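What follows is a set of notes on a single structure, which appears directly below.
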Amino acid sequence: MGVLILGIETSCDETAAAVVTDGQRVMSNVVASQAELHRCFGGVVPEVASRRHIETLNPVIATALAEAGLGFDDLNAIAVTQGPGLLGSLLVGLMAAKSLSFALKIPLIAVNHIEAHIYANFLLGEEISFPFVAMVVSGGHTDIVYARSHSEMRLVGQTLDDAAGEAFDKVARFLGLGYPGGPVIESLARKGNPEAIPLPRAFLEEGSLDTSFSGLKTAVVNHINRSRQKGEEVDLSDVAASFQAAVVEILVTKALAAVETYGAKALLLAGGVAANGHLRDVMLTRMRMQDVKVVIPPPALCTDNAAMVAAAGYYRYLRGDFAPLEINAAAGLSL
Ligand code: KG4
Ligand code: ZN
């Protein structure tokens, strides 16, 4: 029957549980999003998020098992996101995972959320060989990871200020488009001209794999304020398209630099921002020109989910890398 792992993910505002066989076959993947709950605040309110996780997690786990046609006794291990993320939210998932591990007498596997995003790419049935470069672009991270093997993953680039998704969210909030910002900006951008507004691209110093998006965000804000002062009409589609084009150019440039620096043959894209169609298109085209294989999960596996946690957990399971019941949630956990 293979190794059946229950994944649990509660690091931010998605309550998620999934069952994955052998790190690749998704038996069920249940995600209860809290986006609606936080929308009126323009972003995730940590205290509200953790309370909702408490209410939602047990039914989500029950649904994940039911959809997989399995019972608790069929499971071989519990994999859970230990961090990084919101401490109160992480604790809910971790406590549930510990309880299940203890009660069922099966191993507890602690997974890093960034690592989990990368492993969403292993659920696609694609051949992925090492070394590869992964780019995790989410609401909290713009991480470039160099992976030599399943147990040797190193952070080689990160954002110096805002994460890529955070920039989407902040610009959307400023434009009054609501939360989360990525999907709204993407759909507005389809009607806009990406060259309408000249916006800065911060590439930082030569060779750097770090990113910075706060200057770009400020430039968008300044452009709108200036236009409004002059009484000019602001075309939000043009703003969205120009902003999105700048973010995508920065990300693709950094990904290309990383692949070249490390001689990688594959680029794995992951995280909520990887759901962006323009980013996917440009990344595929530019990497193909360099003969680099690109792997990108479908949008539902890019945003937070527990199948990716179970997939990452599988490779730790194979190594016998289990966590003791004393482990704590780690809001700032690094790779
Ligand atoms: O990975 P994720 O679901 O949660 C975190 O771990 O942060 O990523 C959420 C982020 C949000 O900032 C959201 O605006 C962004 O991903 N996002 C997108 C798109 N869909 C979600 N950004 C750009 N284009 C999209 N289509
Ligand atoms: Zn995430």
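The values are calculated or read from the model by the stated rules, or taken from the named source; none is laboratory data. This is a predicted model, so every value here is computed, not measured. Cβ atoms come from the backbone with ideal geometry, glycine included; neighbour counts cover every protein chain shown. Heavy atoms of the whole protein, side chains included, go into the accessibility calculation; ligands, DNA and RNA do not. Shrake-Rupley method; radii C 1.70, N 1.55, O 1.52, S 1.80 Å.
Quick one: order VAL220, VAL48 from most to least accessible surface, probe 1.4 Å.
Values: VAL220 5, VAL48 45 Å².
Ranked from most to least accessible, the order is VAL48, VAL220.
Classify segment 21-159 as rounded, prolate or oblate, taking a ≥ b ≥ c as the square roots of the eigenvalues of its Cα gyration tensor: rounded when a/c is under 1.5, otherwise prolate if a/b is larger than b/c and oblate if not. If you can, show how the numbers build up before the last one.
Details: a/c = 1.78, a/b = 1.12, b/c = 1.59.
Judged from the Cα gyration tensor, segment 21-159 comes out oblate (a/c at least 1.5, b/c at or above a/b).
Got the relative contact order for segment 225-335 handy, in percent, Cα pairs under 8 Å and 6 or more residues apart?
Once divided by the residue count of segment 225-335, the mean separation gives 21 percent.
Compute log10 of I(q)/I(0) for the chain with the Debye formula, placing one identical point scatterer on every Cα and leaving out solvent, at q = 0.08, 0.12 Å⁻¹, to two decimals.
So the normalised log intensities work out to -0.37, -0.81.
Under the 0.36 nm per residue contour assumption, what length would be gained going from the current alpha-carbon distance of THR285 and ARG148 to full extension?
Gain in length upon complete extension: 46.9 nm.
How large is the accessible surface per residue of segment 129-296, computed with a 1.4 Å probe and reported in Å² as a whole number? Mind showing how you got there, number by number?
Details: 7450 Å² over 168 residues.
Result: 44 Å² of accessible area for each residue.
Around ALA307, under 13 Å between beta carbons, what's the net of Lys plus Arg minus Asp minus Glu among the other residues?
Taking every other residue near ALA307 into account, the sum is -4.
Kindly provide the helix-only [θ] at 222 nm of the chain, computed as the sum of -39,500 (n - 2.57) over DSSP H runs of four or more divided by all residues, to the nearest 500 deg cm²/dmol?
Numbers: 11 runs with 146 residues, N = 335.
After summing the helix terms and dividing by residue count, I get -14000 deg cm²/dmol.
Please report, as a whole percent, how much of the solvent-accessible surface of segment 99-205 comes from carbon and sulfur atoms (probe radius 1.4 Å). Present the calculation step by step, with values, prior to reporting the outcome.
Numbers: 2360 of 4610 Å².
Percent of accessible area from carbon and sulfur atoms in segment 99-205: 51.
Compute the long axis of helix 164-174 from its Cα atoms, compare it with the longest principal axis of the Cα atoms of the chain, and write down the angle in degrees, 0 to 90, nearest 10.
It works out to around 60 degrees.
May I ask you to list the GluC sites (Glu not before Pro) in segment 192-292 that are in a DSSP loop and have at most 15 other Cβ atoms within 10 Å of their Cβ?
Numbers: sites: GLU195, GLU205, GLU206, GLU232, GLU233, GLU249, GLU260; in loops: GLU195, GLU205, GLU206, GLU232, GLU233.
In loop regions of segment 192-292 (DSSP not H, G, I, E or B), the sparsely surrounded GluC sites (Glu not before Pro) are GLU195, GLU205, GLU206, GLU232, GLU233.
Roughly how many whole Å is it from the C-alpha centroid of segment 84-161 to that of segment 187-253?
30 Å
Could you run the Debye sum over the Cα atoms of segment 129-296, one equal point scatterer each and no solvent, and tell me log10 of I(q)/I(0) at q = 0.14, 0.15, 0.17 Å⁻¹, two decimals?
-0.68, -0.77, -0.96
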